[in-house]
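Participant: My questions all concern the structure below.
The values are calculated or read from the model by the stated rules, or taken from the named source; none is laboratory data. On a predicted model such as this, the values are computed, not experimentally measured, just so you know. All Cβ positions, glycine included, derive from the backbone under ideal geometry; neighbour counts span all protein chains shown. Surface accessibility is based on the protein's heavy atoms, side chains included, excluding ligands, DNA and RNA. Shrake-Rupley method; radii C 1.70, N 1.55, O 1.52, S 1.80 Å.
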Amino acid sequence: MKNIEVRICGRDDVPLLAAVGSRVFKETYGEFSDPADLAAHVEENFSERAIAKEISRSTVRYFMAEVSETCAGLVKLRQAPGPDLLPTENVFEVQQLYISADFQRRGVGRLLLDTAAAHARSKGADGLFLSVWSEAEWALSFYRKYGFETLGEIPFRLGEAVYVDLLMWLPLPESAEER
């Protein structure tokens, strides 16, 4: 897709990040979740208050992909040691990669992951990791094609329900061309 602009987000973007994140999460997982649990998760993770708190952390970066001034997707990147299954502690976590339905399968996700990887590489990270629901075949296929490998399973709690997520890892060579 042409004319995709990716930019780092700031405090002025909090309302839009909250709206897009909550909408995409509900659209993707709503039919699989208890409505009360879903609402509580969205409030805890996608409210403007929650996003404002996260965006103020020095270890968190949000990047947004825009097409004609419309948010096509976002990626939330967090620098922190991950689970023990990872081969190193010098990592960044892709905590969220959300693409609006109208822009899926158009290269937006790949561009956002490229941006996340470049940012992590510029900070000297050894790799990226993420967790993804084991039943989300569309997402698993995308991450595998990108180069992520599965390291194991980890639990994801949404209210009283516990889902199985796969922990995925992408080593970051010193330059993008080596990947």
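Participant: Only residues that are in contact (Cβ under 8 Å) with a residue 60 or more places away in the chain and among the acidic types (Asp, Glu): list them for region 1-16, please.
Facilitator: Answer for region 1-16, where residues must be in contact (Cβ under 8 Å) with a residue 60 or more places away in the chain and among the acidic types (Asp, Glu): just Glu5.
Participant: Can I ask one more? Which pairs have Cβ atoms under 6 Å, sit 6 or more apart or on different chains, and link a residue in region 17-35 that is over 20 Å from Leu77 (Cα atoms) to one that is open to solvent by 30 Å² or more (accessible area, probe 1.4 Å) and of a type outside the set (A, V, I, L, M, F, W, C)?
Facilitator: Asp34/Gly159
Participant: Oh, and also: Considering only residues that are at pLDDT below 95 and assigned to a helix (DSSP H, G or I), look in region 43-99 and name the one that is surrounded by the fewest Cβ atoms within 10 Å (Cβ to Cβ).
Facilitator: This residue is Glu44.
Participant: Restricting to region 17-35, what's the tally of residues that are at pLDDT 85 or above and out of contact with any Gly (no Cβ under 7 Å at 6 or more places or on another chain)?
Facilitator: Going residue by residue through region 17-35, those that are at pLDDT 85 or above are 17-27, 34-35.
Within this subset, residues satisfying the condition of being out of contact with any Gly (no Cβ under 7 Å at 6 or more places or on another chain) are 17-27, 35.
Summing the residues that are at pLDDT 85 or above and out of contact with any Gly (no Cβ under 7 Å at 6 or more places or on another chain) in region 17-35 gives 12.
Participant: How do the pairs read when you match residues in region 37-54 that are within 20 Å of Gly10 (Cα to Cα) with residues anywhere that are of a type outside the set (Phe, Trp, Tyr) and not in a helix (DSSP H, G or I), using Cβ under 7 Å and keeping only pairs 6 or more apart or on different chains?
Facilitator: Within 7 Å, the pairs are Glu54/Val60.
Participant: If you don't mind, there's one more thing I want to ask. Is it the case that Val132 is open to solvent by 60 Å² or more (accessible area, probe 1.4 Å) and in a strand (DSSP E or B)?
Facilitator: The answer is no for Val132.
Participant: Of Val75, Val91, Val108, Val132, which residue is of a type outside the set (S, T, N, Q) and touching a residue at least 60 places away in the same chain (Cβ under 8 Å)?
Facilitator: Val108
Participant: Restricting attention to region 7-18, which residues are part of a helix (DSSP H, G or I) and either open to solvent by 50 Å² or more (accessible area, probe 1.4 Å) or among the acidic types (Asp, Glu) (or both)?
Facilitator: Matches in region 7-18: Arg11, Asp12, Asp13, Pro15, Leu16.
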